[in-house]
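The structure appears below as structure tokens.
Any read-out appearing in this document is the output of simple, stated calculations on the displayed coordinates, not a laboratory observation. Fair warning: this is a prediction, and the values are worked out from it, not measured in the lab. Methodologically, a virtual Cβ is constructed for each residue, glycine included, from the backbone with ideal geometry; neighbour enumeration extends over all protein chains shown.
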Amino acid sequence: MAIQKGDFIKLSYTGRLKNGAVFDTTDANVARENGVYNENASYGPETIIAGKGYVVAGLDEDLIGKEVGYKGHVEVPPEKGFGLRRLDLIETIPAKKFKEKVKPGMRVQVQGRTGVVESTAGGRVRINFNPALAGETLIYDYAIEELIEGTDKKIDAILKMYSGQDMQHKTEGEKVIIEVPKELSFNQRWLIAKGVAASEIMEQGNIKEVVFQETYKKPEAPKAEEAPTEQQEKKE
């Protein structure tokens, strides 16, 4: 079955620059071999919704029309990757604006923006606020591993995409009730993302209501130990 926009799929991929440097991958072994392994990252096929911007535009477009099981590669130009390198996003700022000495290659925050120091000279600092891969041509080797079908499986996939965790849910007619793990209560990523996740869920089947709930249970009181009988004490 050919992949269409809006399909839920599991995708494996490795992204490289034209010089061969790996910048992203779903394969833990490839990450280790290329020095980009992140202990806090989750590796394995990534679930995405095709054509919805979960990956860069050039890769997203290439998925459409391919069959499940397809393996191939696509070259993505900057304008369909992380954008062109913009000169207006490279600024020179007085060094005295920084509380500590900055050096080329350092990442710095300036008025809520993150940039990389390109050079320092004459008391001035040149900072690049472009995305790290702006202006780069990207090459993706990828495989479409699976097509996810069925409302329940799609809801599971949406929740995992937006929370990074597996969540339990049940469907009651047009309503979905989701049990949210307590550890997500103060997770900023989840607090921001759950509204978008709810919108995605309501696009599946005839779902019209999404309820997120947290359950707290009173811990059981410790059981009192029975005092040993006279006969038990004699045996001991």
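Straight-line reach from LYS194: which aspartates and glutamates fall under 16 Å, measuring Cα to Cα and dropping same-chain residues less than 8 apart?
Within the straight-line cut-off, LYS194 pairs with ASP156, ASP166, GLU179, GLU183, GLU203, GLU209, GLU214.
Using a cut-off of 14 Å between beta-carbons, work out the net charge of the residues near LYS217 (Lys and Arg +1, Asp and Glu -1, LYS217 not included).
Computed value for this residue: -1.
Considering Cα pairs under 8 angstrom that are at least six residues apart, work out the relative contact order of the chain and quote it in whole percent.
Answer for the chain is 19 percent.
Which loop-located chymotrypsin sites (Phe, Trp or Tyr not before Pro) does segment 172-227 contain, where loop means any DSSP state but H, G, I, E or B and the Cβ has at most 11 other Cβ atoms within 10 Å?
Sparse-neighbourhood loop chymotrypsin sites (Phe, Trp or Tyr not before Pro): PHE186, TYR216.
Given the DSSP H assignment, sum -39500 (n - 2.57) over each helix run of at least 4 residues in the chain and divide by its residue total; what's the result at 222 nm in deg cm²/dmol, nearest 500? Kindly include the intermediate steps, with their values, before the conclusion.
On the way: 5 runs with 46 residues, N = 236.
Value at 222 nm, helices only: -5500 deg cm²/dmol.
What percent antiparallel are the DSSP beta bridges of segment 150-218, to the nearest 5?
So the antiparallel bridges amount to about 50 percent of the total.
Have a look at GLY35, GLY164, GLY58 and tell me which one the Gaussian network model of the chain (Cα, springs below 10 Å) gives the largest fluctuation.
GLY35
How long is the gain from GLN165 to ASN187 if the chain were fully straight, where each residue apart is worth 0.36 nm and the alpha carbon distance is subtracted?
The GLN165-ASN187 span can extend by a further 6.7 nm.
Which of the trypsin sites (Lys or Arg not before Pro) found in segment 24-128 are loop residues per DSSP with 11 or fewer other Cβ atoms within 10 Å of their Cβ?
Sparse-neighbourhood loop trypsin sites (Lys or Arg not before Pro): LYS99, LYS101.
Using the beta-carbon distance between ILE148 and LYS217 and R0 = 35 Å, what value does 1/(1 + (r/R0)^6) give for FRET efficiency, to the nearest 0.05? Walk me through the numbers before you get to the answer.
Details: r = 32 Å, r/R0 = 0.92.
With a Förster radius of 35 Å, E is 0.60.
List the chymotrypsin sites (Phe, Trp or Tyr not before Pro) within segment 1-43 that DSSP assigns to loop and that have no more than 13 neighbouring Cβ atoms inside 10 Å.
Of the chymotrypsin sites (Phe, Trp or Tyr not before Pro), not one in the loops of segment 1-43 has a Cβ with at most 13 other Cβ atoms within 10 Å.
Taking only C-alpha pairs under 8 Å that are 6+ residues apart, what is the relative contact order of segment 150-218 in percent?
37
Between VAL22, VAL102, VAL55, find the one with the highest GNM mean-square fluctuation for the chain; connect C-alpha pairs within less than 10 Å.
Result for the chain, Cα springs under 10 Å: VAL102 fluctuates most.
Note down the relative contact order for segment 87-128 as a percent, whole number, built from C-alpha pairs under 8 angstrom at least six residues apart.
Computed over segment 87-128, the figure is 43 percent.
Of the labelled options (i) 119; (ii) 129; (iii) 277, which one gives volume of the Cα convex hull per residue in Å³ as computed for this structure?
(iii)
What angle, in degrees between 0 and 90 and rounded to the nearest 10, separates the Cα long axis of helix 188-201 from the longest principal axis of the Cα atoms of the chain?
The angle comes out at about 90 degrees.
Please give the net charge around ALA28, taking every other residue with its beta carbon less than 15 angstrom from that of ALA28, where Lys and Arg add +1 and Asp and Glu add -1.
Spelling it out: positives minus negatives among the neighbours equals -4.
Using a Förster distance of 41 Å, how high is the FRET efficiency between SER42 and LYS101, based on the Cβ-Cβ distance and rounded to 0.05?
In this case the efficiency is close to 0.65.
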